[in-house]
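S.K.: Quick one: the structure is below, and I'll ask about it shortly.
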Amino acid sequence: MLLQENLTIKSVEEILRFETPATGYYQALTQAFRARVRHKFDLLLDKIRQHSVTIPGQIQEKMELLTSSEIEEWLLSPELLGLILHHSNDHLPQIAPFVLQTLEAEIARNHKKFDTNQYQNLWTNNGDYFIYFDAQKQAFQDYEAPKFAPAITFDFLSPACLQVNNKTLDDDTHLIQNYAFDQAGSLYEQIQQALEPIDDRVATLIEQMTKMIIVKRQTTQEEVATKFWSATHSHFIGKILLVNTEEGSDEDIIDGLVHEAIHSLLYIIEELHPWMPAEKVSEAIGNEICSPWTNNLLPLRAFLHALFVWYGLFNLWRFALENQLYRAEDAQQRMEKIKQGYAQVNIRRDIIEKFEVDLQAELVTTIDRMQAYILDF
């Protein structure tokens, strides 16, 4: 069994070499994270008890109707996980019934029914199951979302998907649209095709760090599609957003999936063993650090994430090139771009000295090793 000290930020350097499947590492990381989340969930329940006499007891009763593995998966669903780790005490009266309702959805999945006096329909947090009562047929009808192996939800329909809009993306210049049923099938096949070439050395990262893949369409006001892009959010670990999937190549899609899975890995390690400066330190600096890979101005914490993400992507394309998995020319171009970016990185001059910020010694030495590895390649 891996020790807790082996799950710190320095472990990421080796894991993102993709030299082994690292199954044991991800199992240990997930086990530690589950324990952390369960502890924080229990603390959340204690807070809810201060606002509600009945709901905490109802939540515990409902949890007894699920297996331990079902409870673990429920707690790690991105929407609920975000509330557990990042809730505001001001919202506790709204959080309590939401938690109860998501439990009801998990139970309804098992029993194919629910109390129609309480709910009109139910969605699971992962967006993988929906059930409603058809009054005309006097019968329950349900829907199970497609999945990528082993348990990644393909989501174009759930509330989590529908909530991705102009407001949540802070975008008032484009149109953010949903895909219809007849469009979603081809997108699923396209993502599956992009995943097929990789083996367990890369697939394990995606499978262990991803719970759901949401697809959305972004266009100009004239309804011309923009380019493919991907995103994640620290409050919704395991939820990946792919935008304009149909505009992306296999290389774009696998790059996006690995990119966002690395972010999730880094979020989990931050929760277990904080390795970044505090949010207030990053906010005080502002968006002042230029990414040598995108030329975007980033806050400190995002830049530190980028150092690991681009290191992982370099190794993805090195791995792909060595094993002839994707287009060789594309892999070489991506590696060269990453190498050129890392050649511009000077963590001591441009971060520590310029902004007078302290970084953990372990973090700095890990960045040094990643940079040397890429520049010596």
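The values are calculated or read from the model by the stated rules, or taken from the named source; none is laboratory data. Since the model is a prediction, treat every value here as computed from it, not as a measurement. Cβ placement follows ideal geometry from the backbone for every residue including glycine, while neighbour counts extend to all protein chains displayed.
S.K.: Please specify each residue of the stretch 24-70 satisfying the condition of being of a type in the set (S, T, N, Q) and farther than 20 Å from N89 by Cβ.
M.R.: Across the stretch 24-70, the qualifying residues are Q27, T30, Q31, Q58, Q60, T67, S68, S69.
S.K.: Sticking with this one: Go through the stretch 21-57 residue by residue and tally those that are in contact with a Ser or Thr (Cβ under 9 Å, 6 or more places away or on another chain) and assigned to a helix (DSSP H, G or I).
M.R.: 4
S.K.: Could you tell me how many of the residues in the stretch 348-368 are surrounded by 14 or more Cβ atoms within 10 Å (Cβ to Cβ) and in contact (Cβ under 8 Å) with a residue 40 or more places away in the chain?
M.R.: 9
S.K.: Inspect all residues belonging to the stretch 80-101 and state whether any of them is in contact with a Pro (Cβ under 8 Å, 6 or more places away or on another chain), assigned to a helix (DSSP H, G or I) and not acidic (D, E).
M.R.: Yes, the stretch 80-101 contains a residue that is in contact with a Pro (Cβ under 8 Å, 6 or more places away or on another chain), assigned to a helix (DSSP H, G or I) and not acidic (D, E).
S.K.: Same structure, new question: Output the number of the condition that L92 fails; it satisfies all remaining conditions of (1) in contact (Cβ under 8 Å) with a residue 40 or more places away in the chain; (2) of a type in the set (A, V, I, L, M, F, W, C); (3) under 25 Å from T30 (Cα atoms).
M.R.: Only one criterion is unmet by L92, namely (3).
S.K.: Another one. Among residues belonging to the stretch 13-60 that are polar (S, T, N, Q) and surrounded by 15 or more Cβ atoms within 10 Å (Cβ to Cβ), point out the one that is nearest to T204 (Cα to Cα). First the steps, then the outcome.
M.R.: Here is the first cut: in the stretch 13-60, the residues polar (S, T, N, Q) are 20, 23, 27, 30-31, 50, 52, 54, 58, 60.
Now narrow it down to the ones that are surrounded by 15 or more Cβ atoms within 10 Å (Cβ to Cβ): 30, 52, 58.
On the way: T30: 12, S52: 41, Q58: 37 Å.
Looking at the filtered set, the residue picked out is T30.
S.K.: Can I ask one more? Does K10 satisfy being within 25 Å of the chain's Cα centre (by Cα), basic (K, R) and within 22 Å of L205 (Cβ to Cβ)?
M.R.: It is true that K10 is within 25 Å of the chain's Cα centre (by Cα), basic (K, R) and within 22 Å of L205 (Cβ to Cβ).
S.K.: Starting from residues that are of a type in the set (S, T, N, Q) and more than 29 Å from the chain's Cα centre (by Cα), keep the ones in the stretch 94-135 and report whichever is surrounded by the fewest Cβ atoms within 10 Å (Cβ to Cβ). Please lay out each step first, then the result.
M.R.: The initial filter retains those residues of the stretch 94-135 that are of a type in the set (S, T, N, Q), namely 94, 101-102, 110, 116-118, 120-121, 124-126.
Cutting the leftovers down to more than 29 Å from the chain's Cα centre (by Cα) gives us 116-118, 120.
Working: T116: 12, N117: 5, Q118: 10, Q120: 8.
Among those that are of a type in the set (S, T, N, Q) and more than 29 Å from the chain's Cα centre (by Cα), it is N117.
Residue-by-condition table, conditions (1) in contact with a Lys or Arg (Cβ under 9 Å, 6 or more places away or on another chain); (2) modelled with pLDDT of 95 or more; (3) more than 23 Å from M209 (Cα to Cα):
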| site | (1), (2), (3) |
| --- | --- |
| M276 | yes, yes, no |
| K280 | no, yes, yes |
| C290 | no, yes, yes |
| L297 | no, yes, yes |
| L304 | no, yes, no |
| W317 | yes, yes, no |
